[in-house]
1. What number of residues in the stretch 71-92 are of a type outside the set (K, R), part of a loop (DSSP other than H, G, I, E, B) and in contact (Cβ under 8 Å) with a residue 24 or more places away in the chain?
2. Restricting the first residue to the stretch 121-148 and requiring it to be buried (at least 18 other Cβ atoms within 10 Å of the Cβ), which pairs with a second residue that is part of a strand (DSSP E or B) and hydroxyl-bearing (S, T, Y) meet a Cβ separation below 9 Å and a spacing of at least six or different chains?
3. Could you tell me which of the residues S125, S81 is of a type in the set (G, A, S), within 27 Å of G26 (Cβ to Cβ) and modelled with pLDDT of 85 or more?
4. Considering only residues that are at pLDDT below 80 and among the small types (G, A, S), which ones fall in the stretch 43-66?
5. Show me the strands (runs of 3 or more DSSP E) entirely contained within the stretch 144-263 in which 1 or more residues are over 27 Å from G106 (Cβ atoms) and modelled with pLDDT of 80 or more.
6. Within the stretch 272-293, track down each residue that is outside any loop (DSSP other than H, G, I, E, B) and out of contact with any Gly (no Cβ under 9 Å at 6 or more places or on another chain).
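The values are calculated or read from the model by the stated rules, or taken from the named source; none is laboratory data. If you're wondering where the values come from, they're calculated on a predicted model, not measured in any experiment. Every residue, glycine as well, gets a Cβ built from its backbone with ideal geometry; the counts of neighbours run over all protein chains shown.
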Amino acid sequence: MEGVRITFSNLIIMNFVSSCFNLQDGVIRWCIQRGLIAKERLCKKCSRPMRLIQRSDRNDGVQWCCSEISHVCRYSIRQKSWFAGSRLTIGDILKITYLWVKKCSGAFIGEELHLSKHTVVDWRSFCREVCVKDCIDNGDVLGGVGSVVEIVEAKLAIRKFGRVKPVTGGWVYGGIERGSNKCFFQVVPKTTKRVFLNVLKKYVLPGTTVISDCFRSYDCLSDELFISLSVKHKMNFKDREDTKNVEGTWSSIKRYFRGTNKCKDGFDSHMFEYMWRRRWSDENDLFIKFLEAVRRVYNPE
């Protein structure tokens, strides 16, 4: 029954997406309004404003052209945008993006849009790269005096046929701020005192009360203007209450990766995708929020 519900939900999503992104002229106007395509272009030869003209020999049906007769200057409407360099229609790219935001499987996206597996894999990777760039450029800084931030250090693994397969380079520092959705997850090549402090200084404000597992690398916190409150896992259940929030977060992360094939080169991007989705989990329209991130990363102006 679960599979039936998922399939039915996906069909509803697909019908909605098709109705939104099938009319080419409407899609282009919609993208311009959203800032995904430039509203204007200046000619690189005469610096005058260019105009959009109909071009039946172009896939998009329109093109930026300079009206001066003394020279020829034309630009694709996709220049520097999320759609640049692709042979897919703008509507199909928006459909892929929407279905990725809705967590539809790659197989479902490929089958419904009649796309190759390679194309779908590439575009899902592009979406994760937006999450990476947006989190790095616009990441949350946690804590401050009077705030509590919980930190964990973990080696995530993928379960396959009941056995644990470690992820290469999969050591992760993660932190959440109590009472908010603010969080960070940073994949690191190794866990040392210097690496830990660099991550902590990047994401956590001085004066924050930091609750962490009792690893040796955390002994340096009080010397770095942080208040350190170590928690030993061998204590009784009452003492473990101090880390229950962050442990619950890591349980959800492991469920997110369970049953998936995250290659070692793409592990960081999957972590940032999770972080980005968690950060905006209270948003009513996550698709529009993601397009805002796309516009920041691929500014077409």
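1. The number of residues fulfilling the criteria is 10.
2. G143/T209; S147/T209; V148/T209
3. Values: S125 fails: within 27 Å of G26 (Cβ to Cβ).
Result: S81 is the single residue among S125, S81 that is of a type in the set (G, A, S), within 27 Å of G26 (Cβ to Cβ) and modelled with pLDDT of 85 or more.
4. S56, G61
5. On the way: elements: 148-160, 163-177, 183-188, 209-213, 227-231.
Correct list: 148-160, 163-177, 183-188, 209-213.
6. Initially, the stretch 272-293 is screened for residues outside any loop (DSSP other than H, G, I, E, B), giving 272-279, 286-293.
If the condition is that a residue be outside any loop (DSSP other than H, G, I, E, B) and out of contact with any Gly (no Cβ under 9 Å at 6 or more places or on another chain), then F272, E273, Y274, W276, R277, R278, L286, F287, I288, K289, F290, A293 are the ones that fit.
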